[in-house]
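The values are calculated or read from the model by the stated rules, or taken from the named source; none is laboratory data. No experiment lies behind these values; they were computed from the predicted model shown. Note that each Cβ is placed from the backbone with ideal geometry, even for glycine, and that neighbours are counted across all protein chains shown.
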Amino acid sequence: MILYGLSGSNGSGKDSFANFLASEYNFLYVSSSELLRDEARKRGLVADREALRTISAEWRREGGLGVLIDKAVALYNDEGGDVAYAGLVTGSLRNPGEADRIHELGGKMIWLDADPRVRYDRIQAVERGRGSEDDKTFEEFLAEQEAEMQHNGDKATLSMADVKDRCDIFITNESNDLKQFYIKVISALKI
């Protein structure tokens, strides 16, 4: 199985790139954020960042730090795996145990990033259907990013700085030209 884990700052293009791999290269895209949003809705919670962080930590405590990767692989296998798809891409990975699990399975980790103002402006310009998750000031956006980058001592919580340290491929996506962005990442992946 070809396996890519995507991580990076909010608004850096993770979903756009994963959807491109799905449509142009026949990858199955499993968004860990969507898995968590679905669970929040099942529980009758608002699917905001705080609820997603709480559920993801709960799942990691119950199923191990790589549980979101295991859930993505299970979906891949349920959907026909290598027979139906060229590979699996999963993101938005925010815990180092997820990056470790990608590597254990022989996959590669990709870190996408851009200037914070560029990312914030992208998020504000596009209606992603995430309501209050995206409706915030630039200062709130930066504070949220800082909270997700640093580990609080609980291994089951977020630590994007540790995920970044485990990435194999680093891409800066400051262009609004999606085609150029895709070419840049595909070149780095050597697909």
Q.
Tell me whether the stretch 172-180 contains one or more residues that are among the acidic types (Asp, Glu) and either over 17 Å from the mean Cα position of the chain (by Cα) or modelled with pLDDT of 90 or more (or both).
A. yes
Q: State all residues of the stretch 147-170 that are of a type in the set (Gly, Ala, Ser) and farther than 30 Å from Lys190 by Cα; if no residue qualifies, say none.
A: Ala147, Gly153, Ala156
Q: Could you please give the count of residues in the stretch 167-182 that are closer than 9 Å to Trp111 by Cβ and of a type in the set (Lys, Arg)?
A: 0
Q: Test Val46 against the criterion of being more than 23 Å from Leu112 (Cα to Cα), touching a residue at least 24 places away in the same chain (Cβ under 8 Å) and over 16 Å from the mean Cα position of the chain (by Cα), and give yes or no.
A: yes
Q: Would you mind stating whether Gly107 is more than 24 Å from Glu144 (Cβ to Cβ), touching a Leu at 6+ places or on another chain (Cβ under 6 Å) and either of a type in the set (Val, Ile, Thr) or in contact (Cβ under 8 Å) with a residue 60 or more places away in the chain (or both)?
A: yes
(Q) I need the full set of residues from the stretch 1-48 which are closer than 22 Å to Lys164 by Cα, surrounded by fewer than 19 Cβ atoms within 10 Å (Cβ to Cβ) and charged (D, E, K, R), in order please. (A) Asp15, Glu34
Q. Is the stretch 70-81 home to any residue that is in a strand (DSSP E or B), at pLDDT 95 or above, touching a strand residue (DSSP E or B) at 6+ places or on another chain (Cβ under 8 Å) and not β-branched (Val, Ile, Thr)?
A. no
**Q.** Count of the stretch 95-119 residues which are among the charged types (D, E, K, R), at pLDDT 95 or above and outside any strand (DSSP E or B)
**A.** 4
Q: Tally the residues that are surrounded by fewer than 13 Cβ atoms within 10 Å (Cβ to Cβ) and of a type in the set (Val, Ile, Thr), restricting the search to the stretch 170-191.
A: 1
Q | Which numbered condition Ser92 misses (of (1) among the hydroxyl-bearing types (Ser, Thr, Tyr); (2) modelled with pLDDT under 95; (3) surrounded by fewer than 21 Cβ atoms within 10 Å (Cβ to Cβ); (4) touching a Leu at 6+ places or on another chain (Cβ under 7 Å)) | A | (3)
Q. Which residues, counting only those in the stretch 59-100, are of a type in the set (D, E, K, R) and touching a residue at least 40 places away in the same chain (Cβ under 8 Å)?
A. Arg60, Arg61, Lys71, Glu79, Asp82, Arg94, Glu98, Asp100
